[in-house]
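Asks: Structure provided below as structure tokens; questions to follow.
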Amino acid sequence: MANLLELYVKLVGLILVGFFLGRKLPATVPPRLGQLLFWVGVPISIVAFLRKADLSAQIWIAPAIAYIAILLGAFLAWLAIKGQAYLTNTTLQHPTQGSLILAAMVGNTGYIGFPVTLAMVGQDYFAWALFYDLLGSLFGSYGLGVALASRFGDGATNYWQMAQAILINPALWSFGFGLLFRQISISNMAEFYLEKLGWGAVALSLILIGMRLSQLNSWHRLPQAGVSLVIKMLLLPLLLGGTLSLFGVTGSAAQVIVLQMAMPPAFATMVLAETFNLDRELAVTSLALGIMLLLLTLPVWLWLF
């Protein structure tokens, strides 16, 4: 309970700081901070936290479970769309269908998932969250996500551009470097400052989320956003969380996987919505509402698992 309260203070506090700064600072600051974190901050945090992560377990199961969650989320969203059409005799527009499915399948397992995992479970199991995000969510967003977005949207499809988004992602490269860097001994002082830099990047990530939320002015599409969030943040963790023992994932490792599955929709859903002309209002509403819902659902998952 103490850890959860401390997490809420940090999580809510840093997001509120970002929200306030986002209203006061020039509109160019959030994009620049995002670039700084993308190219420098997040890679440093990955390298820092990998040094103490336990890689002895079967952590390669994490991305496999991520793919199952992504596919199941997309399928349940498709069923919800078909069910709504059957019951109301009305069909959602294709761009709205696309945004609804994306919000139900891909979670913010990096910027929010990492700090939540580190605070609640610790650095020993950080590798599970890392593998889930980099080898699961990332490819789910810019692989299956792109395919679905191009199917439901009317934007120009540039698959090479999206492939580049994966190939040049510095998080992936820092992941490989971090695995090698684990084998190199450094001084205690260097270890201390590296870890502080990692936590600093995590704090800036939460501040950035607050900044981006301060720029979101759309709260439309609440019913459709509610459908996506029920699937993404309630049904998926509940349905798949109970089956983790079948994969040999128990204890703290299972808790990390459940927390990653329960994360709110990823910012990638908004990027894809803008790129492929999907329903941007639905994407924005799902993002903002999902972060608020997380504060209510976190204690539930920690209690259940």
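A short reminder: the numbers here are calculations on the coordinates, not readings from a lab. What you are looking at is a predicted structure, and each value in this text was computed from that prediction instead of being measured. Glycine also receives a Cβ, built like all others from the backbone with ideal geometry; neighbour counts cover every protein chain displayed.
Asks: If you place +1 on the Cβ of every Lys and Arg, -1 on the Cβ of every Asp and Glu, and leave all else neutral, what size is the dipole of the chain about its Cα centre, to the nearest 20 Debye?
Replies: Values: 14 positive and 10 negative charges, 69 e Å.
Using Cβ point charges on Lys, Arg, Asp and Glu, the chain gives about 340 debye.
Asks: Under the classification rounded if a/c is under 1.5, otherwise prolate if a/b is larger than b/c and oblate if not, where does region 71-196 fall, given a ≥ b ≥ c as square roots of the Cα gyration tensor eigenvalues? Don't jump to the answer; show the numbers that get you there.
Replies: Working: a/c = 4.01, a/b = 2.12, b/c = 1.90.
Prolate.
Asks: A further question follows. List the chymotrypsin sites (Phe, Trp or Tyr not before Pro) in region 52-88 that DSSP assigns to loop (not H, G, I, E or B) and whose Cβ has at most 13 other Cβ atoms within 10 Å. Which are they?
Replies: Listed in order of number, the matching sites are Trp60.
Asks: Excluding same-chain residues fewer than 8 positions from Lys10, which lysines have a Cα within less than 29 Å of its Cα?
Replies: Lys24, Lys52, Lys196, Lys232
Asks: Counting only complete DSSP H runs, which helices of the chain cover 20 Å or more along their long axis at the Cα atoms and score a mean Kyte-Doolittle of 0.0 or above?
Replies: Details: long enough: 2-24 (33 Å, 1.27); 61-88 (40 Å, 1.60); 188-214 (39 Å, 0.89); 280-304 (34 Å, 1.70).
Length and hydropathy pass: 2-24, 61-88, 188-214, 280-304.
Asks: What are the residues whose amide H is under 5 Å from the amide H of Gly107, where those residues sit 5 or more places off or on another chain and H is modelled from the backbone?
Replies: Residues meeting the criterion, in which the H sits 1.01 Å from N, are Ala266.
Asks: For every helix of n ≥ 4 consecutive DSSP H residues, a contribution of -39,500 (n - 2.57) applies; sum these over the chain, divide by its total residues, and give [θ] at 222 nm rounded to the nearest 500 deg cm²/dmol.
Replies: Numbers: 16 runs with 210 residues, N = 305.
Computed mean residue ellipticity for the chain: -22000 deg cm²/dmol.
Asks: Hey, can you rank 119-131, 243-255 by average C-beta count inside 10 Å, highest first?
Replies: Listed from highest to lowest mean packing, they are 119-131, 243-255.
Asks: Thr243 to Asn188: FRET efficiency via 1/(1 + (r/R0)^6), r the Cβ-Cβ distance, R0 35 Å, to the nearest 0.05?
Replies: E(calc), rounded to 0.05, equals 0.25.
Asks: Leu206: net charge of surrounding residues, Cβ under 13 Å, Lys/Arg +1, Asp/Glu -1, itself excluded?
Replies: With Lys, Arg at +1 and Asp, Glu at -1, the net is +2.
Asks: Classify region 172-292 as rounded, prolate or oblate, taking a ≥ b ≥ c as the square roots of the eigenvalues of its Cα gyration tensor: rounded when a/c is under 1.5, otherwise prolate if a/b is larger than b/c and oblate if not.
Replies: On the way: a/c = 2.50, a/b = 1.42, b/c = 1.76.
Cα axes put region 172-292 in the oblate bin.
Asks: Now for a separate question. What is region 1-60 by shape, rounded, prolate or oblate, if you read a ≥ b ≥ c off the alpha carbon gyration tensor as root eigenvalues and call it rounded for a/c under 1.5, prolate for a/b larger than b/c, and oblate otherwise?
Replies: oblate
Asks: Moving on to the next point. Taking the Cα centre of region 1-121 as origin and charging only Cβ (+1 Lys, Arg; -1 Asp, Glu), how large is the dipole, in debye to the nearest 20?
Replies: Computed about the Cα centre, the dipole is about 300 debye.
Asks: Something else about it: Between Ala85 and Leu222, what FRET efficiency comes out of the Förster formula 1/(1 + (r/R0)^6) with R0 = 22 Å and r the beta carbon distance, rounded to 0.05?
Replies: Details: r = 19 Å, r/R0 = 0.87.
With a Förster radius of 22 Å, E is 0.70.
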